[in-house]
Amino acid sequence: MDFCAKCGSILVPKEGKKLGCVRCNYSIKAKETVKLKETVEKAKKIEIIDENPMKAYPKTKEECPKCENREAYFWTVQTRAGDEAETRFFECTKCHHRWRDYS
Ligand SMILES: [Zn+2]
Ligand SMILES: [Zn+2]
């Protein structure tokens, strides 16, 4: 986590690969794009975890993008109002990496 050099508040990712202070308008160029990516990954994970408790999920033949294991748990989540298609989520049975199916 990065902090503002002016007021010490938290810096959050802003447009154009910048980090900006939440309180004043101080901003810096993000040094590591990796860090930004991590934040996004984490946000995604939390969003997914909230939906369902593990365990009862059925397994399916789906290749893990991380470890190439060919079996994953899956479940679906209705994202918004009922007219939207369900989003499918997968969790690798081996490394527990989670991802969603955009197709
Ligand atoms: Zn600040
Ligand atoms: Zn895996």
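The values are calculated or read from the model by the stated rules, or taken from the named source; none is laboratory data. Computed from a predicted structure; not experimentally measured. Cβ coordinates were reconstructed from backbone atoms using ideal geometry, including for glycine residues, and neighbour counts include every protein chain displayed.
Using the structure shown, decide if Lys6 is at pLDDT 90 or above and either assigned by TED's automatic domain parsing to the domain that holds Cys92 or surrounded by 14 or more Cβ atoms within 10 Å (Cβ to Cβ) (or both).
Details: at pLDDT 90 or above: yes; either assigned by TED's automatic domain parsing to the domain that holds Cys92 or surrounded by 14 or more Cβ atoms within 10 Å (Cβ to Cβ) (or both): no.
Answer is no for this residue.
Tell me the residue from Lys35, Lys45, Lys29 that is at pLDDT below 90, within 16 Å of ligand 1 (Cβ to nearest atom) and of a type in the set (D, E, K, R), please.
Values: Lys35 fails: within 16 Å of ligand 1 (Cβ to nearest atom); Lys45 fails: within 16 Å of ligand 1 (Cβ to nearest atom).
Selected residue: Lys29, the only one of Lys35, Lys45, Lys29 that is at pLDDT below 90, within 16 Å of ligand 1 (Cβ to nearest atom) and of a type in the set (D, E, K, R).
Cβ-Cβ distance below 6 Å, separation of 6 or more or different chains: which pairs start in segment 76-101 with a residue that is assigned by TED's automatic domain parsing to the domain that holds Tyr57 and end on one that is assigned to a loop (DSSP other than H, G, I, E, B) and at pLDDT below 90?
Correct list of pairs: Val77/Glu51; Thr87/Thr79.
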